[in-house]
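All remarks here apply to the structure that follows.
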Amino acid sequence: MKRSTKRGLPALLLCAAAASVSTQSTAEDIDIFTGASGGAGADPKILIILDNTSNWARQSQQWPGGLAQGQSEARALNTLLGGIDTVRWLHRMAGIVLAALAILHLVVSVVLAATRGSWAIVPVRADFTDAVQTLRYYLGASDEHPRFDRYDYRQKFEYWGLVLGGLLMIVTGFILYLPVLVTRVLPAELIPAAKVAHSNEGLLAFLVVITWHVYNAHLSPDVFPFDTSIFTGRISRKRLEHEHPLEAARLARRHD
């Protein structure tokens, strides 16, 4: 059977076009590292991402110049932020602002609690029993879910963890900020102890935020994509009855 000439014509035209294109070879990707010339074009723009995660377990990252663990990252951040003096200034100013906000928060909280006569945020014995009961419920050891009041144990633990952790950061931060003044009245051993406590508490706070807090405030199915009560101070009646049934019942009795 003879093939149609019209059907073969597009294929012939395609072959002719391909043959007319310059056959100059292009550079391999590795040529930019080996120094081989890949053509007459301009120098390539390259973004090199260094993944040295596995090296964090080593004493040294084996960088040129004998940099120790973390020094290369510290140098990069210092360069980005304008040098070590700028980094120190930003860190200390952020600490002073944190201290001022913490004092303001504590004063306002105490005044409001005293005027309203409500100290519901303070942990009580029932919070610890609720935590145990919740664990038993999720493990299938109990069919009864604990009933929470205005604040459940998770909210109280996270809040007081933030308050106490923030106070620890503030105190140790000022000790490191004014070491000469501190050692005039306190033992010098307090300086390295404050350094360890300051850095470890910062890491602990970071881990708590990206695990516990991010889930409860953003990823939980009840609040996804985020809990708007931080801006409005309100939650829906349905959510109140579901998450805080004791407070919902008390408010219902008050309005009856």
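Name the pairs whose Cβ atoms lie under 9 Å apart, with the first residue in the range 83-97 and touching a residue at least 40 places away in the same chain (Cβ under 8 Å) and within 16 Å of His198 (Cβ to Cβ), the second outside any helix (DSSP H, G or I) and aromatic (Phe, Trp, Tyr), and 6 or more positions between them or separate chains?
none
Output the residue which, of all residues in the range 196-212 that are of a type in the set (A, V, I, L, M, F, W, C) and more than 16 Å from the chain's Cα centre (by Cα), is farthest from Thr172 (Cα to Cα).
Residues of the range 196-212 that are of a type in the set (A, V, I, L, M, F, W, C), as a first pass: 196-197, 203-210, 212.
So of that shortlist, the ones also more than 16 Å from the chain's Cα centre (by Cα) come out as 196-197.
Working: Val196: 9, Ala197: 7 Å.
Among them, the one singled out is Val196.
Which one is modelled with the lowest pLDDT, of the residues in the range 65-78 that are in contact with a strand residue (DSSP E or B) (Cβ under 9 Å, 6 or more places away or on another chain) and in a loop (DSSP other than H, G, I, E, B)? Please lay out each step first, then the result.
We begin by selecting, within the range 65-78, every residue in contact with a strand residue (DSSP E or B) (Cβ under 9 Å, 6 or more places away or on another chain); these are 66-69.
Checking the rest, the ones that are also in a loop (DSSP other than H, G, I, E, B) come to 66-67, 69.
Details: Gly66: 63, Leu67: 64, Gln69: 58.
Ranking the candidates gives Gln69 first.
What are the residues in the range 243-256 that are aliphatic (A, V, I, L, M) and either closer than 14 Å to Asp152 by Cβ or touching a Cys at 6+ places or on another chain (Cβ under 7 Å) (or both), if any? Please lay out each step first, then the result.
The first filter runs over the range 243-256 and keeps only residues aliphatic (A, V, I, L, M), leaving 246, 248-249, 251-252.
Scanning the range 243-256 gives Leu246, Ala248.
Cβ-Cβ distance below 8 Å, separation of 6 or more or different chains: which pairs start in the range 163-192 with a residue that is outside the structural domain of Gly95 (by TED's automatic domain parsing) and end on one that is surrounded by 15 or more Cβ atoms within 10 Å (Cβ to Cβ) and of a type in the set (Asp, Glu)?
Gly165/Glu201; Leu168/Glu201; Met169/Glu201; Thr172/Glu201
Matching residues to (1) more than 19 Å from Phe157 (Cα to Cα); (2) among the aliphatic types (A, V, I, L, M); (3) in the same structural domain as Gly166 (by TED's automatic domain parsing); (4) out of contact with any helix residue (DSSP H, G or I) (no Cβ under 8 Å at 6 or more places or on another chain):
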| residue | (1), (2), (3), (4) |
| --- | --- |
| Thr211 | no, no, yes, yes |
| Ser220 | no, no, yes, yes |
| Phe226 | yes, no, yes, no |
| Gly233 | yes, no, yes, yes |
| Glu241 | yes, no, yes, no |
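Answer yes or no as to whether Leu246 is closer than 20 Å to Pro146 by Cβ, touching a Phe, Trp or Tyr at 6+ places or on another chain (Cβ under 8 Å) and part of a helix (DSSP H, G or I). Spell out how you get there, then give the answer.
Values: closer than 20 Å to Pro146 by Cβ: yes; touching a Phe, Trp or Tyr at 6+ places or on another chain (Cβ under 8 Å): yes; part of a helix (DSSP H, G or I): yes.
Yes.
Of all helices (runs of 4 or more DSSP H) completely enclosed by the range 79-195, which ones contain at least 1 residues that are buried (at least 16 other Cβ atoms within 10 Å of the Cβ) and either under 24 Å from the mean Cα position of the chain (by Cα) or modelled with pLDDT under 90 (or both)? It would help to see each step written out before you state the result.
On the way: elements: 84-116, 125-138, 153-177, 179-183.
Where helices (runs of 4 or more DSSP H) fall fully within the range 79-195 and carry at least 1 residues being buried (at least 16 other Cβ atoms within 10 Å of the Cβ) and either under 24 Å from the mean Cα position of the chain (by Cα) or modelled with pLDDT under 90 (or both), they are 84-116, 153-177.
Here is a check on your reading of the model: is Leu207 in a helix (DSSP H, G or I), modelled with pLDDT under 90 and of a type outside the set (Gly, Ala, Ser)?
Details: in a helix (DSSP H, G or I): yes; modelled with pLDDT under 90: yes; of a type outside the set (Gly, Ala, Ser): yes.
It is true that Leu207 is in a helix (DSSP H, G or I), modelled with pLDDT under 90 and of a type outside the set (Gly, Ala, Ser).
Can you tell me which residues in the range 207-256 are touching a His at 6+ places or on another chain (Cβ under 7 Å) and surrounded by 12 or more Cβ atoms within 10 Å (Cβ to Cβ)?
Answer for the range 207-256, where residues must be touching a His at 6+ places or on another chain (Cβ under 7 Å) and surrounded by 12 or more Cβ atoms within 10 Å (Cβ to Cβ): just Phe226.
Criterion first (at pLDDT 90 or above and assigned to a helix (DSSP H, G or I)) does Gly202 satisfy it? Can you show your working first?
Numbers: at pLDDT 90 or above: no; assigned to a helix (DSSP H, G or I): yes.
No: the conditions fail for Gly202.
The values are calculated or read from the model by the stated rules, or taken from the named source; none is laboratory data. These numbers come from a predicted model, not from an experiment. Here Cβ is always computed from backbone atoms with ideal geometry, including for glycine, and neighbour counts include all displayed protein chains.
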